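Beneath this line is the structure, given in structure tokens, with notes to follow.
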Amino acid sequence: MAEAAALPQTDVLAIAAHRDDVEQTCGGTLLRMAARGLRTAILDLTRGEAGTRGTAEERGREASQAAKLLGVSWREALDIPDGNVENIYENRAKIARVVRLLRPRVVILPYWQARHPDHAIVAALGYEACFLAGLAKVDTGAAPYRPFKIVYASLYADVRPSFVVDITPFIEQRHASLMAYRSQYLNQSAGTALFVPEDEIRERTYAEARHYGLLAGVKYGEPFVQKEVGLVDDLTLLPVQSI
Ligand SMILES: [Zn+2]
């Protein structure tokens, strides 16, 4: 991992349990932020060794390829056990070390209710790690730092989002980043009962993006939940039309 001095401050860091989670839930948002000139990064907590399809090494290569397609400046995977992500101090400290190295202004976490237990745990684990990163007496070899904002990617949760990011210009590129995981998504005999056929992935992901886009009056969107109440300076600058 590169040292702190070599890394400019990151604007947006997405933290997720598994390689390919970010591509599904906030890949279009990362593309949009990069297009705005912001510096983006991805931290995957596991390496995919428990997956039905592919090996951890294959998924590592695919994650690098996907990171290029998403235009992120930095991507690494921790060694937390796949399928057994726990909110324990050891894991919080590993994430806090990365938060201090990258110094992100915004952190994206998965929403706190999810079918896959790893996803739900990362919501709490990531939040507590960001808090830990700001404690001066916790020594990770880097200066204390706490992100300004945490938002939760809620694509797979049945909740009303706080806001939606317009990903319309980036939907094809987001799809390409997901399909970079050839070991997972190309048609094959292993795991056919678990995985959606390749030709249905596009239809499903585009339909989800269309659904969330419609909520905000754009074609394709990605949903997020923020815990805090929004603060407004000027009512005339609110971005979404009412009627
Ligand atoms: Zn996942």
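The criterion of being of a type in the set (Ser, Thr, Tyr), closer than 29 Å to ALA207 by Cα, within 16 Å of the ligand (Cβ to nearest atom) and more than 13 Å from the chain's Cα centre (by Cα) holds for THR52. Only one of the numbered conditions (1) part of a loop (DSSP other than H, G, I, E, B); (2) open to solvent by 20 Å² or more (accessible area, probe 1.4 Å); (3) not acidic (Asp, Glu) is not met by VAL164, and that is (1). Only one of the numbered conditions (1) within 16 Å of the ligand (Cβ to nearest atom); (2) open to solvent by 30 Å² or more (accessible area, probe 1.4 Å); (3) outside any loop (DSSP other than H, G, I, E, B); (4) not charged (D, E, K, R) is violated by ALA114, and that is (3).
Under the condition of being among the hydrophobic types (A, V, I, L, M, F, W, C), surrounded by 21 or more Cβ atoms within 10 Å (Cβ to Cβ) and under 27 Å from THR52 (Cβ atoms), the residues counted in the range 144-156 number 1.
The single condition among (1) more than 22 Å from ARG182 (Cα to Cα); (2) in contact with a strand residue (DSSP E or B) (Cβ under 6 Å, 6 or more places away or on another chain) that ASP44 does not satisfy is (1). Where strands (runs of 3 or more DSSP E) fall wholly inside the range 1-109, the ranges with 2 or more residues that are open to solvent by less than 10 Å² (accessible area, probe 1.4 Å), in contact with a Ser or Thr (Cβ under 8 Å, 6 or more places away or on another chain) and modelled with pLDDT of 95 or more are 12-16, 40-44.
Take the range 130-149 and flag every residue that is without any contact (Cβ under 8 Å) to a residue 40 or more places away in the chain and in a helix (DSSP H, G or I). Of everything in the range 130-149, those that are without any contact (Cβ under 8 Å) to a residue 40 or more places away in the chain and in a helix (DSSP H, G or I) turn out to be CYS130, PHE131, ALA133.
The listed residues are GLU62, GLU76, GLU90, GLU57, and the only one of them that is acidic (Asp, Glu), closer than 22 Å to LEU30 by Cβ and more than 16 Å from the ligand (Cβ to nearest atom) turns out to be GLU76.
The set of residues from the range 54-66 being small (Gly, Ala, Ser) and without any contact (Cβ under 8 Å) to a residue 40 or more places away in the chain comprises ALA56, SER64. Suppose we filter the range 192-243 for residues that are within 30 Å of GLY54 (Cα to Cα), among the hydroxyl-bearing types (Ser, Thr, Tyr) and either free of Cβ contacts under 8 Å to residues at least 60 places away in the same chain or surrounded by fewer than 10 Cβ atoms within 10 Å (Cβ to Cβ) (or both); how many remain? Total meeting the criteria: 2.
The values are calculated or read from the model by the stated rules, or taken from the named source; none is laboratory data. Please read these numbers as outputs of a predicted model, since none were measured by experiment. Note that we place each Cβ from the backbone using ideal geometry, even for glycine, and neighbour counts take in every protein chain shown. Keep in mind that these areas ignore ligands, DNA and RNA; they rest on the heavy atoms of the full protein, side chains included. Shrake-Rupley method; radii C 1.70, N 1.55, O 1.52, S 1.80 Å.
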